[in-house]
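What follows is calculated from the coordinates using simple rules that are stated; it is not laboratory data. These numbers come from a predicted model, not from an experiment. All Cβ positions, glycine included, derive from the backbone under ideal geometry; neighbour counts span all protein chains shown.
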Amino acid sequence: MSQHSHSSSQAGSHQAIPHHADSYQLEVSRWTAGRNVLVFAALLGILGCVAGYFTNPARLFQSYMVAFAYTTFIGLGAFFFVMVQFLTGSAWSVTMRRIMENIMITLPVGLILFIPVVLGLSEIYPWTNPQLMNSDAVLRGKAGYLSQYAFVLRTVVYFLLWSLWAGSIYRQSTKQDTERSIKQMHIASKWSAPGLFLAVAIGTMASYDWLMSLEPKWFSTIFGLVMLTGGALSFFSVVTLVCLGFRRAGILKNSITQEHYHDLGKWLLALTAFYTYVAFSQYMLIWYANLPEETIWYRHRMEGSWLPISLAMPFLRFLIPFFVLLCRPAKRSLKVIGFIAVWSLIVEYIDLYWIVMPTYYKTGPEPHWLDLATLVTTVSVCGLVFWSRFRKHKMVPVGDLRFEQSLHFENA
Amino acid sequence: MNLELLKDKFGLGDDKLYGVMGAFSEPDDLVQAGRKIREMGYTKLDAMSPFPVHGIDDAIGVPPSKLGWIVICFTVLGAATALLLIWYVGAVNYRLVIGGKPFFDFSYSIPVTFELAVLFSAFASFIGMWAINGLPRLYHPSFNYSQAHRASDDRFLLVIEADDPKFDVEKSVEHMRGVGAGDVEVVEG
């Protein structure tokens with residue numbers, strides 16, 4: 001993201017381009033229409049989940065675990081990258097930052113979305129079975145950590161800390177819309193530095209708790225990073241799709257230009273490569289060391305019809321998106337990055353499904369309508385939180401001192 | 001390397017015209033002037049500036065660099081070299097069971113393949129960049145311009161090269177002045 005601050009160019013050619021044609025406030029009629037769609041989807045999803053609770057509770061909670069992880073890691077990706085924008089003082093992202101912040105602010109709602117996981121603990125986690133935990137010396141050693149109370153308490157603490165940080169940063173950013181002072185930017189930066197630590201360190205612990213402990217004996221230190229990177233990639237995919245959706249509706253058309261999409265394309269490419277790097281590192285080291293308590297996780301994913309999915313992963317996760325995005329014209333094409341954004345979001349769901357479901361279905365994936373119902377529920381609830389912010393706040397951080405610079409941003 | 005090219009690199013060639021040069025004090029003025037000059041039909045333009053100026057490539061019609069294609073070729077070559085080496089050494093030339101691992105497998109070959117691909121691409125981009133730019137060179141005709149040194153200080157220079165089919169000394173000087181350039185000079189090569 002090379003960029004120059006050409007402060008001396010204020011009086012130059014840029015003034016001629018009518019950037020200010022955009023409205024920075026979402027029209028109430030449009031906002032209401034969006035809200036109605038989301039409320040309808042949420043009701044439909046929740047209705048489906050309730051129906052699932054009475055017909056197949058075990059499956060409901062298992063499917064819900066995938067859906068919960070899907071939206072929570074997107075929120076975490078947003079949390080991390082909003083703070084990165086503040087710390088690096090990026091200008092390129094300013095016109096899109098409110099959209100990113102609104103995704104970030106869906107993170108606190110995870111505490112409510114976590115309630116079904118608490119209700120279904122014994123259906124989701126094998127370690128809730130005391131017989132299993134007593135059967136093995138390794139598992140007996142982990143019993144203290146993997147106890148139900150400790151598990152729930154840890155997650156509550158994670159969410160409270162994240163919410164405090166995300167909320168504080170969000171408040172500074174919206175306050176700047178009216179104050180237009182550098183002070184809010186400085187306060188947001190001060191929260192961001194320890195916030196990055198919280199996002200990654202606690203994000204890693206949360207990954208261990210929520211997903212790694214599904215296989216109670218298995219461990220991999222890099223697992224948290226793999227999950228967070230997947231979430232970050234999904235986050236940038238969501239940002240891309242939201243911007244493209246707005247563009248189609250004629251919203252922020254002049255504020256989020258091809259130059260901004262080009263940078264989103266770079267992030268999609270970079271995170272695709274980084275995801276491959278960390279996910280392959282995990283696989284390669286486990287393959288090479290060949291220790292039974294480590295290989296068992298991959299072993300379960302090579303049985304039955306899970307094997308074709310495992311073999312498809314390098315193509316879905318790396319080869320196809322990487323080579324599609326590699327050259328510059330591809331990253332500057334709204335169609336191509338829109339396609340890759342949809343692709344990445346679908347693959348992320350398949351990936352999480354592939355991480356969670358082999359715990360219960362040893363011979364292969366067994367798709368169920370509850371997969372869809374739970375996904376619709378968590379996505380629409382987070383979507384509502386995201387959307388509700390546009391009612392009150394501007395769609396771009398108009399008070400940011402780099403806003404004008406961001407409007408005229410060009411890739412070198 | 002032929003003698004003419006060598007002479008050219010060291011500035012020993014016969015005196016010939018390099019082009020018309022002018023200077024601007026703002027990067028935006030350079031971009032605008034470059035665009036106007038190109039719209040007049042000139043095709044062989046060049047620009048010199050103390051730092052990269054956004055949009056200048058587009059304004060004076062610099063085609064996208066071919067370096068990327070050179071690099072990707074070498075990346076593939078590097079990856080192929082690594083895989084071939086690991087496969088030949090481990091599975092053909094000297095078969096040895098180590099830790100019960102297969103004689104050849106992608107799992108453990110990928111780190112080396114990745115590293116060699118990166119190494120080859122790094123060399124390709126560095127050496128390729130020098131080659132494409134005709135480096136190293138100790139002399140460039142633009143040095144004869146009285147304001148040449150300011151391209152690394154506070155001026156943004158625009159060149160209409162004499163090779164341009166539309167080039168005409170008097171008219172080009174007029175055009176250069178017309179787009180607002182200062183210190184317009186005819187520069188010899």
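Quick look at the values:
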{"quantity": "Average beta carbon contacts from partner chains per residue of B:105-116, 10 Å cutoff", "calculated": "2"}
{"quantity": "Per-bin percent of Cα-Cα distances, region B:67-132 [10 Å]", "calculated": "23, 40, 23, 12, 3"}
{"quantity": "Evaluated over region B:40-173, the Cα radius of gyration and Dmax, each in Å", "calculated": "24.2, 80"}
{"quantity": "Tilt relative to chain A, helix A:182-197 - C-alpha long axis, 0 to 90 degrees, to 10", "calculated": "20 degrees"}
{"quantity": "The protein assembly as shown - charge dipole about Cα centre, Lys and Arg +1 at Cβ, Asp and Glu -1, debye rounded to 20", "calculated": "1840 debye"}
{"quantity": "Helix axis angle, A:369-392 relative to chain A longest principal axis, alpha carbon, degrees", "calculated": "30 degrees"}
{"quantity": "Most positive-pole-ward Cα, A:Phe318, A:Leu60, B:Pro27, against dipole of the protein assembly as shown from beta carbon charges", "calculated": "A:Leu60"}
{"quantity": "Positive-end extreme of charge dipole, the protein assembly as shown - chosen from A:Thr257, A:Val381, A:Ser122 (charges on Cβ)", "calculated": "A:Ser122"}
{"quantity": "Top positive-direction residue, dipole computed over chain B with Cβ charges, set B:Gln147, B:Leu77, B:Gly55", "calculated": "B:Leu77"}
{"quantity": "Helix A:57-88 axis, angle to chain A major axis (alpha carbon atoms, nearest 10°)", "calculated": "40 degrees"}
{"quantity": "Anchor A:Lys217: lysines whose Cα lies under 23 Å away (excluding residues fewer than 8 positions away in-chain)", "calculated": "A:Lys142, A:Lys362"}
{"quantity": "Dipole moment magnitude, nearest 20 debye, region A:287-379 about Cα centre, only Lys, Arg, Asp, Glu C-beta charged", "calculated": "580 debye"}
{"quantity": "Cut-off under 5 Å, modelled amide H: who pairs with B:Tyr18 long-range", "calculated": "B:Val187, B:Glu188, B:Gly189"}
{"quantity": "Spread of Cα-to-Cα distances over 5 Å intervals beginning at zero, given as percent, for region A:108-213", "calculated": "2, 11, 18, 17, 14, 11, 9, 6, 5, 3, 2, 1, 0"}
{"quantity": "Ordering of B:80-93, A:329-342 by burial proxy (mean other Cβ atoms within 10 Å per residue, highest first)", "calculated": "A:329-342, B:80-93"}
{"quantity": "Kirkwood Rh (inverse of mean 1/r, distinct Cα pairs), region A:227-371, angstrom", "calculated": "16.6 Å"}
{"quantity": "q = 0.08, 0.09, 0.14 Å⁻¹: log10 I(q)/I(0) that the Debye formula gives for region A:22-401, counting C-alpha atoms only", "calculated": "-0.41, -0.52, -1.28"}
{"quantity": "Neighbour net charge for A:His186 - beta-carbon separation under 15 angstrom, K R +1, D E -1", "calculated": "+4"}
{"quantity": "Per-peptide average of other Cβ atoms within 10 Å, ordering A:301-314, A:202-215 highest first", "calculated": "A:202-215, A:301-314"}
{"quantity": "Restraint check, A:Lys335/B:Lys36; A:Lys190/A:Lys392; A:Lys253/A:Lys392; A:Lys253/A:Lys335, Cα-Cα greater than 23 Å", "calculated": "A:Lys335/B:Lys36; A:Lys190/A:Lys392"}
{"quantity": "Cβ-defined net charge surrounding A:Ile296, 9 Å radius [Lys, Arg +1; Asp, Glu -1]", "calculated": "-1"}
{"quantity": "Charge sum, other residues only, whose C-beta stays under 13 Å from A:Thr229's C-beta, Lys/Arg counted +1 and Asp/Glu -1", "calculated": "-1"}
{"quantity": "Peptide A:380-387, shielding by other chains (average Cβ, 10 Å cutoff)", "calculated": "0"}
